[in-house]
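Participant: Got a structure here, written out as structure tokens. Questions coming.
The values are calculated or read from the model by the stated rules, or taken from the named source; none is laboratory data. Note that the coordinates shown come from a computational prediction; the quantities given were computed from them, not determined experimentally. Cβ: placed from backbone, ideal geometry, glycine included. Neighbour counts: every protein chain shown. Surface areas here come from the heavy atoms of the whole protein model, side chains and all, with no ligands, DNA or RNA. Shrake-Rupley method; radii C 1.70, N 1.55, O 1.52, S 1.80 Å.
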Amino acid sequence: MLQNTITSWGSVSKSLHWVVLLLIIVEVASGFLMSATYGFALKYPDVNSFHDVIAQIHHTNGFVLLLLVFFRLAWRLMGVVPQLPSGFSRFKQCSAKLTHGLLYALLLLLPLSGWAALSVLADSAEYGVTHIWFFTTDGVIPPILPIQDINSMFGYSFFGKTHRYLLVAGGVILVIHVFASLWHHLVEKDQILLRMWPGGR
């Protein structure tokens, strides 16, 4: 069943949900590793090669994630959205909609802020050569903003901090989302989780 129904998510929505989750895990792990090797990469050629590979993974994964989120939003808007159980209170309904809305917003803003940070950063002795990788190729993806002074209002400092703050916010919202899903499955026993689980109905 490709399409959603009023009682369950279809296979396309389920696949997108779990693929996006996998990409998020890869993105966060590669982001932390890329940040940890950044300073050493400017001093040691061997570390620089490793850092470039991690950066290629992080950048490419981010662009793929951005495209998938746009597609997922379009698929959601074009199809049916499963209804929440009739026993859901107004508070639960609003909380669910707010959580999902914030997750979608963060999934769009995180890669966009990272893209913007790379776009405004000029090559320098302090930060090295700025790359915008797509797989192993630099320059295929164009910058979305002109180069700015690093400490200007909308320079690298602004977008870099924004990227990190959004990551923290995303982590908090994701934990709430997972906790709520497990609560409904283990305590409420209302089958909410099974509607998105592979093979679940």
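Participant: Quantify how much of the Cα-Cα distance distribution of the chain extends past 31 Å, in percent.
Facilitator: On the way: 5903 of 20100 pairs.
In whole percent, the long-distance tail amounts to 29.
Participant: Next question. Identify all lysines with a Cα-Cα distance to LYS92 below 21 Å; exclude those on the same chain that are fewer than 8 residues away in sequence.
Facilitator: LYS189
Participant: ARG164: accessible area at probe 1.4 Å, nearest 10 Å²?
Facilitator: Accessible area, nearest 10 Å²: 140 Å².
Participant: Work out how much length LYS97 to VAL80 would gain on full extension: take 0.36 nm times their residue separation and subtract the Cα-Cα distance, in nm to one decimal. Walk me through the numbers on the way to the answer.
Facilitator: Details: separation 17, 0.36 × 17 = 6.12 nm, distance 1.51 nm.
Net length gain for the segment: 4.6 nm.
Participant: Report the calculated FRET efficiency for THR136 and LEU182 (r = Cβ-Cβ distance, R0 = 45 Å), to the nearest 0.05. Could the numbers behind the result be given before it?
Facilitator: Numbers: r = 39 Å, r/R0 = 0.87.
For R0 = 45 Å, the calculated efficiency reads 0.70.
Participant: Calculate, for SER49 and PHE70, the FRET efficiency according to 1/(1 + (r/R0)^6) with r their C-beta to C-beta distance and R0 30 Å; round to the nearest 0.05.
Facilitator: 0.40
Participant: Which of GLY79, GLY87, GLY128 ends up with the largest GNM mean-square fluctuation for the chain, with Cα atoms connected below 10 Å?
Facilitator: It is GLY87.
Participant: While we're here: Leaving ligands, DNA and RNA out of it, work out the accessible area of ASP46 with a 1.4 Å probe and give it in Å² to the nearest 10.
Facilitator: Surface open to solvent at ASP46 totals about 130 Å².
Participant: Keeping all protein chains in place and using 1.4 angstrom, which order do ILE132, ILE24, ILE176 fall into by accessible surface area, from largest down? Write down the numbers at each step before the final one.
Facilitator: On the way: ILE132 15, ILE24 40, ILE176 85 Å².
Sorted by accessible area, descending: ILE176, ILE24, ILE132.
Participant: Oh, and also: Using the alpha carbons of the range 89-201, what is the convex hull volume per residue in cubic angstrom, as a whole number? Don't skip to the end; give the middle numbers.
Facilitator: On the way: hull volume 16.8 nm³, N = 113.
Measuring per residue, one finds 149 Å³ for the Cα hull of the range 89-201.
Participant: Hey, another quick one. If amide H atoms are built 1.01 Å from N in the plane of the peptide, which residues on other chains or at least 5 residues away come under 5 Å of the amide H of GLY10?
Facilitator: Close amide H contacts, sequence-distant or interchain: ASN4, THR5.
Participant: Sticking with this one: For the range 136-145, what does the Karplus curve 6.51 cos²θ - 1.76 cosθ + 1.60, with θ = phi - 60°, yield as ³J(HN,Hα) per residue in whole Hz, taken in order and with x for Gly and Pro?
Facilitator: Once rounded to whole Hz, the list reads 9, 10, 9, x, 5, 8, x, x, 9, 9.
Participant: Mind telling me which of VAL129, VAL120, VAL64 comes out most flexible in a GNM of the chain, alpha-carbon contacts under 10 Å?
Facilitator: Top of the fluctuation ranking is VAL129.
Participant: Sorting ILE144, ILE54 by accessible area (1.4 Å probe), largest first, what list results?
Facilitator: Values: ILE144 75, ILE54 15 Å².
So the residues, ranked largest to smallest area, are ILE144, ILE54.
Participant: May I pose another question? Quick one: ranking THR37, THR7 by accessible area, 1.4 Å probe, largest first, what do you get?
Facilitator: Highest to lowest solvent-accessible surface, that is THR7, THR37.
Participant: So which chymotrypsin sites (Phe, Trp or Tyr not before Pro) in the range 146-201 end up in coil per DSSP with only 16 or fewer other C-beta atoms within 10 Å? Walk me through the numbers before you get to the answer.
Facilitator: Working: sites: PHE154, TYR156, PHE158, PHE159, TYR165, PHE179, TRP183; in loops: PHE154.
Filter output for the range 146-201: PHE154.
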